[in-house]
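For reference, the structure discussed in these notes is given below.
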Amino acid sequence: MNEVTTIDHPLVTHKLTLLRMKDTPSKDFRELVKELATLMAYEVTRRFPLKDIEIETPICKTTKQVLADKDVVIVPILRAGLGMVEGFTHVIPNAKIGHIGLFRDPETLEAVEYYRKLPTDIAEREAIITDPMLATGVSSVHTIDILKDAGCKNIKLVVILASPEGIKAVQAKHPEVPIYCACIDEGLNDHSYIVPGLGDAGDRLFGTK
Ligand code: URA
């Protein structure tokens, strides 16, 4: 079953509360999403492998560790997932970035793909999907389907807020994909918004409300 990690660091909790507040303007909202993504990236990369190298300090020669070469692709789900990309590339500067654009068909409630651009070597990379909101789970499940079809074997899902319903949906279809979030909220309302949540993350990021 999916490993679900809630990153409940005080800095994360503090910034998340500011993000939730309805009067937080877009400029601050964008900045907070970027900062949260940077903080979350520390936890997401916690088990990245290290390798020994020989170095020389001003005092002596010694063997110390640096990151082993690890190829990463960050995959934001358009459009709100874009807000988290800079935070991740700040910590993993050599990562490539793939894009998946999805909207939800209002009739069938299925995810409909309208854009896909992924690096050609994606099958060799560890994939980190970013989306601030794991609500119904439809977009996340569909994006994981796409990445698996593209050959990805190692996929992580990183969201800021998760609903229990969304976690359950990902668990049902992709039980091996670890989920990272800053908080698991109470649930979804009749319009599939997360409660208490933070509203529409895309509109708040891009000022389109
Ligand atoms: N997407 C959002 O932006 N907000 C929600 O609460 C749910 C889905």
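Of note:
- Some residue of the range 105-113 being hydroxyl-bearing (Ser, Thr, Tyr), surrounded by fewer than 19 Cβ atoms within 10 Å (Cβ to Cβ) and modelled with pLDDT of 95 or more: no
- Put simply, of THR38, THR108 the only residue that is in a loop (DSSP other than H, G, I, E, B) and of a type in the set (Val, Ile, Thr) is THR108.
- Odd one out for ASP185, checked against (1) within 15 Å of the ligand (Cβ to nearest atom); (2) at pLDDT 95 or above; (3) surrounded by fewer than 20 Cβ atoms within 10 Å (Cβ to Cβ): (3)
- Screening the range 140-154 for residues that are among the aliphatic types (A, V, I, L, M) and farther than 20 Å from THR89 by Cβ and picking the one that is surrounded by the most Cβ atoms within 10 Å (Cβ to Cβ) gives ILE144.
- Residue satisfying all of: in the range 151-182; in a helix (DSSP H, G or I) and either of a type in the set (D, E, K, R) or free of Cβ contacts under 8 Å to residues at least 60 places away in the same chain (or both); nearest to the ligand (Cβ to nearest atom) among these: GLY166
- Any hit, the range 126-139, residues being within 23 Å of LEU82 (Cβ to Cβ), surrounded by fewer than 17 Cβ atoms within 10 Å (Cβ to Cβ) and free of Cβ contacts under 8 Å to residues at least 40 places away in the same chain: no
- In the set (1) of a type outside the set (Asp, Glu); (2) touching a residue at least 60 places away in the same chain (Cβ under 8 Å); (3) outside any helix (DSSP H, G or I); (4) closer than 19 Å to ILE179 by Cα, LYS22 fails one condition alone, (4).
- Residues of the range 61-103 classified as part of a strand (DSSP E or B) and over 19 Å from PHE206 (Cα atoms), total: 12
- All told, LYS148 falls short of being within 16 Å of the ligand (Cβ to nearest atom), outside any strand (DSSP E or B) and of a type in the set (D, E, K, R).
The values are calculated or read from the model by the stated rules, or taken from the named source; none is laboratory data. Quantities reported herein were computed from a predicted structural model and do not represent experimental measurements. Because the Cβ atoms are built from the backbone with ideal geometry, glycine has one as well, and the counts that use them run over all protein chains shown.
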